[in-house]
1. Can you sort D106, D64 by 1.4 Å-probe accessible area, starting with the largest?
2. In whole Å, what three semi-axes, largest first, describe the equivalent ellipsoid of region 109-181 built from its Cα gyration tensor (square root of 5 times each eigenvalue)?
3. Suppose R0 equals 30 Å; then what is the FRET efficiency for D194 and S67 from their Cβ-Cβ distance, rounded to the nearest 0.05?
4. Quick one: what do you get for region 180-254 if you divide its Cα Rg by 2.2 N^0.38 Å?
5. Round to the nearest 10 and report in Å² the accessible area of K159, as given by a 1.4 Å probe over the protein chains' heavy atoms.
6. For the chain, what is the calculated [θ] at 222 nm in deg cm²/dmol (nearest 500), taking -39500 (n - 2.57) for each run of four or more DSSP H residues and dividing by its residue count?
7. More than 22 angstrom separation, counting every C-alpha pair in the chain; what % is that?
8. Across region 109-119, in residue order, what do the Karplus-derived ³J(HN,Hα) couplings come to in whole Hz, using 6.51 cos²θ - 1.76 cosθ + 1.60 with θ = phi - 60° and x for Gly and Pro?
Amino acid sequence: MGRYQGRVAVVTGAARGIGWAIASRFAEEGASVALVDLDAAAVAEAADRLPLRPGATATAVVADVSSAAAVEAAIGTVVGDLGGLHVLVNNAGVTRDNLIHKMSEDEWDLVLGVHLKGAFLMSRAAQRHFVEQRYGRILNLSSTSALGTRGQANYSTAKMGVQGFTRALAIELGPFGVNVNAVAPGFVTTEMTDATAARLGLSVEEFRKARAERNPVRRVGSPDDIAAAAAFLCSDEASYVTGQTLYVDGGSKL
């Protein structure tokens, strides 16, 4: 029996990277998993390769988390296909880095729309089920960039906003058996960070080495590091933990 046997988990931005790793970890521990993403082909392929346990199922849902109508439809599909809802992970995200004097309104709106509005809409839709059954887990993805990063005014704002959102939801939903926490990853090896290396004119290896040297453990993180934290915070073992942001960053913020 896994910690998530009989549970249904929804992970947004789950076609690849951290989202995929979290979805995969839930599946390994017995959950039925709904993967939500905008990339229809990638999310369908990701759902097909989930390491599901006997009796568990998976579904791929194509949705824009910044659209209220799309979110309501997605949650309805998940509950209909998988028979319930117990865990929500708000992982979907994008970056549009630029210095403030170059940043457009569209770059600002897109990043805050996906990260903050997306987390709001998904949580609002999911909490109806959680409150009714008096059980639920919400995990929001923040970042060490919440502490401020040059050229990421939009992303830093969104990721710090996620932490405030987490605390407010924990206060509101705690009396109904719903725990709400956040994870703030440091540098993690994903397609997104590899793209940053290319934008800076560095090789992936050079970029990762430079980032590893900035933290006490002298290595970069992997999506599995974040998935391990998520698996604990969304489990019943963490039932007395809520409103917290756990930095999983190799000690870089020290």
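1. D106, D64
2. Rounded to whole Å, the semi-axes are 26, 12, 7.
3. 0.60
4. That ratio works out to 1.25.
5. 10
6. Taking each H run of at least 4 residues, the total per residue is -13500 deg cm²/dmol.
7. 52
8. Taking θ as phi minus 60°, the curve returns 5, 5, 5, 5, x, 6, 6, 8, 5, x, 5 Hz for region 109-119.
The values are calculated or read from the model by the stated rules, or taken from the named source; none is laboratory data. All figures in this text were calculated on a predicted structure; none of them were measured in a lab. FYI the Cβ positions are ideal-geometry reconstructions off the backbone, even for glycines, and counts take in every protein chain you see. For accessibility, only protein heavy atoms count, side chains too; no ligands or nucleic acids. Shrake-Rupley method; radii C 1.70, N 1.55, O 1.52, S 1.80 Å.
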